[in-house]
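K.L.:
Following this message is one structure expressed as C-alpha cells.
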Amino acid sequence: MQRFSNGLLVAMMGVAMALAAMAFKTEAEQVIAQQGLTAQHYLQIKAAGLDKAQLTYADIAPLLQQQQHNPALRFSQLGQSLLGTPIWQIDIGNGPVKVLAWSQMHGDESTATASLLDLLALLSTAEGQHWLQGWQDKLTLRVIPMLNPDGAAVGSRFNSMGIDINRDARALQTPEGRLLMQAAKAFKPDFGLNLHDQNRFHAVGDSHKQATISLLAPAFNAAKDIDAARSKAMQLIADMAQVLAHELPGHLAKYDDTFSWRSFGDTFAGMGISTVLIEAGGHPADDNRQVARRLISQLLVMSLNSIASDAYRQQPLTAYQQIPFNRDGGIKDLLIDKLQIASNGQTAQVDLAIDLDIEAAKHARIRDLGDLSIYGSYHRFNASGLQYQAPKAYALSQPLALDEAGYIALLRQGYSHFSGDASLLTLNTSLPVLVNPKRLPGDTPQRQHSATFLLVNADGVQLALLNGQLLDLASATLLNPLGT
Ligand SMILES: [Zn+2]
C-alpha cells in the first residue's frame with residue numbers, strides 16, 4: 001500500500017511536471033507566434049559561423065548537414081549547379097498554403113542565405129518546434145538556400161557561364177534558373193520570397209538613412225497592374241513594414257518597381273504567385289550586413305505567422321504604397337562638409353563625397369562635390385574652417401624606417417604620400433601609408449580623382465585624407481576606419 005501510494009505520487013508528479021512542461025512550451029510557442037522572433041531571442045538561435053561578407057557553399061554545407069537530423073526538415077537535392085555543387089531544397093510543414101523562399105541566385109548576395117539558415121536553426125530548438133506545430137498544418141514552406149553556389153564560390157553575381165540567373169527566367173539557359181523554374185512549377189507556391197542584396201548606397205526616399213531593407217511586390221506587366229496575387233504580396237509587405245518600423249525605424253524602402261520581363265520575381269508574379277522581393281542593404285558599422293540578416297530572419301518568421309493566420313489580409317494597400325522608394329546613390333561612404341577651396345582667385349565652400357572600396361581598400365575616389373546636403377553617409381566630417389591643400393610626394397632616395405611619430409611629422413610638413421622605390425620604406429606604423437598613388441587631384445579636388453589630400457588651417461595641416469581614410473594628426477586616429 002505504501003509502495004503503491006509512493007508510486008501513485010510519483011506518477012502524479014510526473015503528470016504535473018509534464019503538464020508544466022507543456023504549459024512552458026506552449027508559452028514559448030505562443031511568444032514566437034504572437035510577438036515574432038525578438039532581437040534578443042534571435043541572438044540565442046542564430047546559426048553559427050555565418051558572420052562573413054560573403055558566404056560560399058563550404059560555409060553552409062556543415063550547417064545543412066547538421067540540420068538533416070531534424071525530422072521536421074525534409075531535405076532533398078533539387079539538383080546541382082553547372083560545376084556540380086548540390087542545390088538543396090528543404091520542405092517544412094504539410095499545409096495547403098505553399099511558400100517558396102530562395103536565396104543567393106546572385107552569388108555575391110549571401111546575406112539572406114544566413115537568414116534561411118537562422119530559420120532552420122530556430123526550427124531545431126524546442127520553442128521553434130512548438131512554433132512549427134502552430135502552422136505546420138496550414139503551410140508548407142520550401143526553402144532553397146544558395147541557388148547559385150558557383151557564383152558564390154568566386155564572389156560573382158553571375159553563374160559559371162557568366163549569365164545573370166535573374167535575367168534568365170524566360171530564356172532558361174542556366175541549369176540553376178531551370179531548377180528554380182522547375183521547383184516553382186512542381187511546388188506551385190502561393191507565396192514566393194525572393195532574397196537578394198542591394199548596394200549600400202541606397203537611401204530611404206529623401207531621408208539621410210540607409211535602406212537596410214528594401215521590399216517590393218514586383219509587377220507582372222509594364223502597366224504595373226495589381227491583381228489578386230500582387231495585392232496579397234503588397235499586404236504581406238505592409239505587415240513586414242510594421243515589424244521593421246519597430247525594429248529599425250526609417251530604414252525600410254521600396255525597391256524600383258519597373259517591370260523586368262526577364263526576372264524571376266516578375267515572371268513568378270505573372271504566374272499568379274504572390275511574390276515579395278527582399279533586399280538586404282547596408283547599415284553603419286555593419287560591413288557583413290548582420291543587421292539586415294537579423295531583420296530578414298525576423299521577417300521570415302513574421303511572414304509565416306501572418307500567412308498561416310491570414311493576418312496580412314487586414315492590411316490596406318496604402319500601407320504598402322506609402323513606403324518610400326529607394327534613392328539610388330543617396331548614401332555616401334564619407335561626406336566632408338564645408339571645405340574651403342580656392343579656384344582661379346576665388347574661394348568657395350564645398351561638400352565632398354568620397355566612395356571607398358571597402359573590400360580591397362583601394363581606389364577611394366572623390367565622387368562628387370558641391371552642395372551635398374541632400375545626402376546621407378556612413379561617416380560625416382564637418383571641415384568648417386579648414387582649407388583644401390593638394391597632395392604632395394615625399395621622394396624616397398634612401399632607406400627610411402617610418403614610425404608613427406615620424407609619419408605624422410611628414411604629414412604636418414605637407415607630404416601626403418611617398419614616391420619612388422617602395423622597397424626603401426620600412427613601415428613601423430599601422431596608419432595607412434600611400435606609395436606612388438595614382439590619379440591624384442591637383443590644386444582643387446576633382447571628381448573621379450584619388451581621395452587623397454590635406455586639410456589645413458592657419459596653424460598648419462590638421463587632417464590628411466589618405467585614399468579615403470581621414471586621419472586626424474593631433475590624435476593620430478582614423479575618423480572613418482574601415483568596418484565602422
Ligand atoms: Zn540580386
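The values are calculated or read from the model by the stated rules, or taken from the named source; none is laboratory data. Bear in mind the structure is a predicted one, so any value in this text is a computation, not a measurement. Please note: Cβ atoms are built from the backbone with ideal geometry, for glycine as well, and neighbour counts cover all protein chains shown. Surface areas here come from the heavy atoms of the whole protein model, side chains and all, with no ligands, DNA or RNA. Shrake-Rupley method; radii C 1.70, N 1.55, O 1.52, S 1.80 Å.
K.L.:
With the checklist (1) in a strand (DSSP E or B); (2) in contact (Cβ under 8 Å) with a residue 60 or more places away in the chain; (3) buried (at least 18 other Cβ atoms within 10 Å of the Cβ) in hand, flag the one item residue 342 doesn't pass.
P.N.:
Against the list (1) in a strand (DSSP E or B); (2) in contact (Cβ under 8 Å) with a residue 60 or more places away in the chain; (3) buried (at least 18 other Cβ atoms within 10 Å of the Cβ), residue 342 comes up short only on (3).
K.L.:
Restricting attention to the range 49-77, and to residues there that are surrounded by 15 or more Cβ atoms within 10 Å (Cβ to Cβ) and of a type in the set (Ser, Thr, Tyr), which single residue is nearest to residue 156 (Cα to Cα)?
P.N.:
Per the criteria, the residue is 56.
K.L.:
Would you check which residues across the range 192-211 are more than 16 Å from the ligand (Cβ to nearest atom) and at negative phi and list them?
P.N.:
Residues satisfying the conditions are 203, 204, 206, 207, 208, 209, 210.
K.L.:
Still on this model: Taking residue 123 as the residue in question, decide whether it is open to solvent by 10 Å² or more (accessible area, probe 1.4 Å), more than 16 Å from the ligand (Cβ to nearest atom) and modelled with pLDDT of 95 or more. Working first, answer last.
P.N.:
Numbers: open to solvent by 10 Å² or more (accessible area, probe 1.4 Å): no; more than 16 Å from the ligand (Cβ to nearest atom): yes; modelled with pLDDT of 95 or more: yes.
Criteria not met by residue 123.
K.L.:
Now a separate question. Could you pull out the residue among 309, 373 that is modelled with pLDDT of 95 or more, of a type in the set (Gly, Ala, Ser), closer than 30 Å to residue 122 by Cβ and open to solvent by 50 Å² or more (accessible area, probe 1.4 Å)? First the steps, then the outcome.
P.N.:
Values: 373 fails: closer than 30 Å to residue 122 by Cβ.
Answer to the selection: 309.
K.L.:
Considering the range 212-269 alone, what residues qualify as being among the aromatic types (Phe, Trp, Tyr) and either within 19 Å of residue 317 (Cα to Cα) or not in a helix (DSSP H, G or I) (or both)? I'd like the intermediate steps shown before the answer.
P.N.:
Step one: of the range 212-269, the residues among the aromatic types (Phe, Trp, Tyr) are 220, 255, 259, 261, 264, 268.
Those that are among the aromatic types (Phe, Trp, Tyr) and either within 19 Å of residue 317 (Cα to Cα) or not in a helix (DSSP H, G or I) (or both): 220, 255, 259, 261.
Residue-by-condition table, conditions (1) at pLDDT 95 or above; (2) open to solvent by 10 Å² or more (accessible area, probe 1.4 Å); (3) outside any loop (DSSP other than H, G, I, E, B); (4) out of contact with any helix residue (DSSP H, G or I) (no Cβ under 7 Å at 6 or more places or on another chain):
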residue: 431; (1), (2), (3), (4): yes, yes, no, no
residue: 438; (1), (2), (3), (4): no, yes, no, yes
residue: 442; (1), (2), (3), (4): yes, yes, no, yes
residue: 448; (1), (2), (3), (4): no, yes, no, yes
residue: 454; (1), (2), (3), (4): yes, no, yes, yes
residue: 462; (1), (2), (3), (4): yes, yes, yes, yes
residue: 471; (1), (2), (3), (4): yes, no, yes, yes
residue: 480; (1), (2), (3), (4): no, no, no, yes
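K.L.:
Related question: With (1) crowded, with 21+ Cβ neighbours inside 10 Å; (2) closer than 27 Å to residue 174 by Cβ as the list, and residue 262 as the residue in question, which single condition is left unmet?
P.N.:
(1)
K.L.:
Pick from 178, 170, 157, 142: which is within 16 Å of the ligand (Cβ to nearest atom) and open to solvent by 20 Å² or more (accessible area, probe 1.4 Å)?
P.N.:
On inspection, the qualifying residue turns out to be 157.
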